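See structure below.
The values are calculated or read from the model by the stated rules, or taken from the named source; none is laboratory data. In this text, all values refer to a predicted model and were calculated from it rather than measured experimentally. Here Cβ is always computed from backbone atoms with ideal geometry, including for glycine, and neighbour counts include all displayed protein chains. These accessible areas exclude ligands, DNA and RNA; they are computed on the full protein's heavy atoms, side chains included. Shrake-Rupley method; radii C 1.70, N 1.55, O 1.52, S 1.80 Å.
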Amino acid sequence: MHTSTAVRGPLISAWSVVSPFGLDSADFTAGLAGGRAAVETLDGDDWRVPVENACLVPGFSNREVLGRKGTRSMDRVTGLAVAAVGRLLQDAEGGRIPGVADDAALVLGTNTGSAQSIMDFTRDSLVQEKPFFVDPMRFPNTVMNCAAGQSAIWHQLKGPNTTIAGGRATGLLALNYALRLKKSGHAETVLFGAVEEFSAARAWLEWHTWGGEAGTADAVLGEGAAVLLLESGEATEAHGRRGLAEVLGLEFGVHHGPESEAAVLADCVRALLERTGVRPQEVAYHADSHSAGARAAAEREALAAVFGAEGPERVPCAELIGDTAAAAAAFQIAAVLAPAEDRGDVRGRVALITSVDRDGVVGCALLRLC
């Protein structure tokens with residue numbers, strides 16, 4: 001089954017990422033261009049985890065990146081989100097970019113928030129002399145919307161504040177919600193994106209999901225945050241920005257197991273192309289979620305069913321920065337925008353972003369590069 005979400009016109013006009021390639025968008029762009037996976041071998045003394053490798057944001061700590069004030073009890077996933085939002089809002093001189101007022105909205109995706117914070121707080125309630133002998137300062141970190149709330153407080157964003165969870169498709173669902181906020185008049189300017197951390201708790205949860213056999217892992221686990229700015233064409237022009245991509249539309253569906261993944265995704269892509277009036281041959285680029293095993297095969301099968309053997313040019317992402325889970329689709333969008341900013345020959349071309357999640361969510365989006 002699939003459902004439609006009709007959207008037209010809004011522009012993505014800025015983006016930022018904190019990724020395994022580095023703390024800045026320029027690092028991400030250079031890393032994608034270089035094609036080298038940002039994988040590192042984990043130190044067994046520092047990381048008691050069932051995996052040997054991961055894609056970590058290099059040198060990231062909340063205190064080093066954000067300063068000492070306000071970060072004592074901040075967890076990693078919140079720090080990554082606050083850092084990415086801050087980099088989006090900062091201009092070249094260190095001031096705030098124009099046009100993002102206090103009433104701007106923030107839509108941030110995550111699967112659970114910080115799994116490590118949840119596990120640590122729960123453990124403390126069990127092993128302390130009494131269950132209530134826990135650190136109350138760390139309780140907010142156990143709530144899924146902590147990262148979104150702290151990012152808004154830190155950067156004085158007083159508009160609607162929303163947390164979205166939907167597996168690998170979370171970034172697309174966040175974009176969809178951002179479009180709804182604009183369409184309904186609740187916000188003129190919306191920051192949207194997603195965040196994921198690497199932690200011992202997440203590594204063990206993923207390992208058990210794989211069935212306890214690390215060799216069957218979907219991919220090397222990664223982390224980071226990607227945040228993008230959504231506004232109207234008029235606002236973009238008024239604030240001296242050029243649009244990077246027009247959001248043509250999104251489509252979502254639900255699969256009921258490996259046997260239906262390819263068919264549901266193909267149906268979603270076909271419906272999206274038909275509704276937006278985009279012909280298959282107009283789609284120049286494709287960014288997939290790069291799941292391993294059956295899901296990767298399903299994405300390839302769906303693409304071949306819609307576009308034939310000669311499909312759009314593939315944009316690499318997950319194989320270079322790891323499985324960023326909830327942040328995957330947001331990184332895919334950034335990966336499409338990154339090389340396009342400095343290339344005049346991509347103007348007017350259409351990019352397709354697809355996502356297939358193991359828990360059933362299927363999604364796709366079409367962007368026209370500006």
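Within the range 51-138, list the trypsin sites (Lys or Arg not before Pro) lying in a DSSP loop whose Cβ has at most 16 other Cβ atoms in a 10 Å radius. Those that pass, being in a loop and sparsely packed, are 68, 69, 72. The GNM of the chain, with springs linking C-alpha atoms under 10 angstrom apart, assigns the highest mean-square fluctuation among 271, 325, 226 to 271.
A 1.4 Å probe over all protein chains sorts 177, 285 by accessible area into 177, 285, starting with the largest.
How far apart, in nanometres, would the label points at residue 210 and residue 359 be if each is projected 7 angstrom from Cα along the Cα-to-Cβ direction? Placing both labels 7 Å along Cα→Cβ, they lie 1.9 nm apart. For the range 151-199, trypsin sites (Lys or Arg not before Pro) are listed when DSSP marks them as loop and at most 15 other Cβ atoms sit within 10 Å of their Cβ; the list is 158. If you run the Gaussian network model on the chain, springs between alpha carbon atoms under 10 Å, then out of 322, 243, 224 the most flexible one is 243.
Working from label points 7 Å from Cα in the Cα-to-Cβ sense, the residue 68 to residue 186 distance is 4.0 nm. Relative contact order for the chain: 26 percent, from Cα pairs under 8 Å spaced at least 6 residues apart, divided by residue count.
For the range 236-286, the set of trypsin sites (Lys or Arg not before Pro) satisfying both a DSSP loop assignment and a count of at most 12 other C-beta atoms within 10 Å is given as 242.
The listed residues 154, 210 rank as 154, 210 when sorted by accessible area, largest first, using a 1.4 Å probe. For the range 215-340, the direction-averaged projected area of the alpha-carbon convex hull comes to 9.0 nm².
Per-residue ellipticity at 222 nm, computed for the chain from helices alone with -39500 (n - 2.57) per DSSP H run of at least four residues, works out to -11000 deg cm²/dmol. Take each peptide in 311-318, 78-85, count the other Cβ atoms within 10 Å of every residue, and average; sorted highest first, the result is 78-85, 311-318. Counted over all Cα-Cα pairs of the range 280-345, pairs farther apart than 21 Å make up 27 percent.
When 46, 124, 102 are compared by accessible area of protein heavy atoms, the largest-first order is 46, 102, 124, using a 1.4 Å probe.
The lysines within cross-link reach of residue 183, meaning a Cα-to-Cα straight distance under 22 Å and a gap of 8 or more places when in the same chain, are 158.
At an R0 of 45 angstrom, the distance between the Cβ atoms of residue 92 and residue 300 translates into a FRET efficiency of 0.65.
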